[in-house]
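Here is the structure we will look at.
The values are calculated or read from the model by the stated rules, or taken from the named source; none is laboratory data. All values derive from a computational prediction rather than experimental measurement. Every residue, glycine as well, gets a Cβ built from its backbone with ideal geometry; the counts of neighbours run over all protein chains shown. All accessible areas refer to the heavy atoms of the entire protein, side chains included, with ligands and DNA or RNA removed. Shrake-Rupley method; radii C 1.70, N 1.55, O 1.52, S 1.80 Å.
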Amino acid sequence: MTTTYETLTGDQIVELCRRHTLFEWSAQAAVDPIPVARAKGIYFWTPEDKRFIDFNSQLMCVNIGHGDERVIRAIQEQAAILAYANPFMATEARAKLSVKLAELCPGDIDCFFFTNGGAEANENALRIARMFTGRHKIAARYRTYHGGTAGALTLTGDPRRWASEPGIPGVIRIPDFYHGIQRGSDTTEEVLARTEEVLQLEGPQTVAAIIVEPVVGTNGILIPPDGYMQGLRALCDKYGILLIADEVMAGFGRTGEWFSVDHWKVEPDLISMAKGLTSAYVQLGAVGMSRKIADHFEKNVFYGGLTYNSHPLACAAALATIAVYEEDNLIENARKMGTVMRGMLEDLKQRHPSVGATRNIGLFGIVELVRNPETREPMAPFNGSSPEMQALGKHFREHGLYTFVRWNTFFTNPPLCITEAELAEAFAIIDKGLEITDRAVS
Ligand SMILES: Cc1ncc(COP(=O)(O)O)c(C=O)c1O
């Protein structure tokens, strides 16, 4: 029997999606998706017109905000002219986007391989690093996420990796500087010394690349201590190892710079990007490489390919999205509103005993909740939840605030076009919600 509906209600959408599709990273019985019908600016609406503030830019990706007419028009125009050409062809959208990205990227990164998203960007980054250096090991950290495909998931340190093990061979772990709300952070000197020790034990001549999220995203908005990124660069130079910056989440203005490495003026050899590249209007990722790596592939075959590599629709969407960042000064707005948001986060910390720590860089922010301000016991365990965190999530949902609630944390990652008044609107909902977690504080 075929079921057809004129227009589906929110409940019908949820029921059919639940019955006939798999939701990510979840036992399906536990998922409770919000039905989404339309979106504009920092808001989205359900089919029944309940409005939400999108305080996570969906998956930290709709950086320019929803429904921007300029990007929509560019997609429509490209679709009308040439929706697709295979990746052995050369198109105007591909040409123009690569020139623009070369202008924006740090150092002499001026050559790009386009993918469907961030995981594929990292898959190709690790493959390029291996082909270029002739070495096979890739060093990555624990508190990080690099994507859901085999190689990227092996690079991923967080628990999303566990079910897919064993992953690809050759991935080694270097230390994190952050150890959770109770143990805090190592100094730059400590973490770099331990990193070098791991490299020496592994044999640095066997290590092709170190991959890091310069500012870690889902694993806690971890902003490196001063000197860390420069120190990693120096270690890479010392041992002939490539530095891969995974800017999939932190790139495109999220932190108040085009790329988060720009805060430390560090030039990676490879840079992966996705999400904000098109603000998710169309799916697109890319890995950018320095000139010396690009030159290597003049004579040597680049063994990699994707049917949708350099998809014209996605390249046109990216070009239009980048124009929006520039026209609307969104990088600057992220910086300015980031300062405003820091004030709001600090205010929460002053007034709510359950707020153990807040961190933000630009509009990339997080709140860590604790049960006890002295012991700093987290409000939920590592990789777990708690009734209080669930109740907080419920409060956000009931009051029309969408954001990620993960373990003992929740995120503050709005679109970069947000205004001070809109930030205040979101923080008023958060402020009230924290009364729930405050009640659990002993
Ligand atoms: C830092 C980082 N790298 C890679 C990825 C994977 O990107 P995608 O989901 O587009 O494959 C993500 C996704 O959240 C990410 O945050």
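Summary of values
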{"read-out": "Using a Förster distance of 25 Å, the FRET efficiency for Asp108-Asp226 (Cβ separation, nearest 0.05)", "value": "0.50"}
{"read-out": "Area projected by the alpha carbon convex hull of the stretch 11-51, averaged over all directions, nm²", "value": "3.4"}
{"read-out": "Other-chain or far-sequence residues with amide H under 5 Å of Gly356's (modelled H)", "value": "Glu368, Leu369, Val370"}
{"read-out": "Other-chain or far-sequence residues with amide H under 5 Å of His136's (modelled H)", "value": "Ala208"}
{"read-out": "Helix-only [θ]222 nm of the chain, DSSP H runs n ≥ 4, -39500 (n - 2.57) each, per residue, nearest 500", "value": "-12000 deg cm²/dmol"}
{"read-out": "Efficiency of FRET from Cβ geometry, Glu326 and Val301, R₀ 30 Å, rounded to 0.05", "value": "0.25"}
{"read-out": "Net dipole in debye of the stretch 9-59 [+1 Lys, Arg Cβ; -1 Asp, Glu Cβ; about Cα centre; nearest 20]", "value": "140"}
{"read-out": "Dipole moment magnitude, nearest 20 debye, the stretch 119-159 about Cα centre, only Lys, Arg, Asp, Glu C-beta charged", "value": "240"}
{"read-out": "Label-to-label distance, nm, for residues given as Ala95 and Phe382 (7 Å Cα→Cβ offset)", "value": "5.3"}
{"read-out": "Sites Asp431 and Arg194 - FRET efficiency at Förster radius 25 Å, r taken between beta-carbons, to 0.05", "value": "0.05"}
{"read-out": "Top positive-direction residue, dipole computed over the chain with Cβ charges, set Trp258, Ser386, Thr339", "value": "Ser386"}
{"read-out": "Solvent-accessible area of Arg406 with every protein chain in place, 1.4 Å probe, in Å² to the nearest 10", "value": "40"}
{"read-out": "DSSP-defined antiparallel bridges as percent of all bridges, the chain, nearest 5", "value": "70"}
{"read-out": "Hull-based mean projected area of the chain, where the convex hull spans the alpha carbons, in square nanometres", "value": "22.1"}
{"read-out": "Residue among Phe297, Val324, Ser310 farthest towards the positive dipole end of the stretch 278-395, charges placed on Cβ", "value": "Phe297"}
{"read-out": "Spin-label pair Ala234/Glu165, simplified geometry with 7 Å Cα→Cβ offset, distance in nm", "value": "3.3"}
{"read-out": "Per residue accessible area in Å² of the chain, where ligands, DNA and RNA are left out and the probe is 1.4 Å", "value": "43"}
{"read-out": "5 angstrom amide H check on Arg141, placed H, neighbours 5+ away", "value": "Ile174"}
{"read-out": "Derived scalar couplings ³J(HN,Hα) [the stretch 201-210; Karplus, 6.51 cos²θ - 1.76 cosθ + 1.60; whole Hz; x for Gly, Pro]", "value": "5, 7, x, x, 6, 9, 9, 7, 7, 10"}
{"read-out": "Point-to-point label distance, Asp49-Glu346, nm (Cα→Cβ direction, 7 Å offset)", "value": "4.2"}
{"read-out": "Solvent-accessible surface (1.4 angstrom probe) belonging to Trp264, in square angstrom, nearest 10", "value": "30"}
{"read-out": "Dipole moment magnitude, nearest 20 debye, the chain about Cα centre, only Lys, Arg, Asp, Glu C-beta charged", "value": "660"}
{"read-out": "Portion, in percent, of the accessible area of the stretch 370-442 that falls on carbon or sulfur, probe 1.4 Å", "value": "54"}
{"read-out": "Overall Cα dimensions of the stretch 105-246 - principal axes, largest extent first, Å", "value": "38, 34, 31"}
{"read-out": "Partners for Lys96 among lysines (Cα-Cα distance below 28 Å; same-chain residues under 8 apart left out)", "value": "Lys40, Lys265, Lys275, Lys292, Lys299"}
{"read-out": "For the stretch 413-442 versus the stretch 31-82, the gap between their alpha-carbon centres in whole angstrom", "value": "22"}
{"read-out": "Residue with peak Gaussian network fluctuation, the chain [Cα springs, cutoff 10 Å], from Met60, Met337, Met89", "value": "Met89"}
{"read-out": "Listed residue (Gln200, Ala421, Gln350) projecting farthest to the positive dipole end of the chain, Cβ model", "value": "Gln200"}
{"read-out": "Karplus (6.51, -1.76, 1.60) ³J(HN,Hα), θ = phi - 60°, over the stretch 78-94, in Hz, Gly and Pro reported as x", "value": "5, 4, 6, 8, 7, 6, 8, 9, 6, x, 7, 8, 10, 10, 5, 4, 5"}
{"read-out": "Relative contact order (%) - criterion: Cα under 8 Å, at least six apart; region: the stretch 58-205", "value": "13"}
{"read-out": "Surface share of carbon and sulfur [accessible, 1.4 angstrom probe, percent] for the stretch 182-259", "value": "49"}
{"read-out": "Whole-Hz couplings from phi, Karplus 6.51/-1.76/1.60, listed for the stretch 173-185; x for Gly and Pro", "value": "9, 9, x, 8, 8, 9, 10, x, 4, 7, 9, x, 10"}
{"read-out": "Contour excess over end-to-end distance, with Cα ends at Ala83 and Arg18 and 0.36 nm allotted per residue", "value": "20.3 nm"}
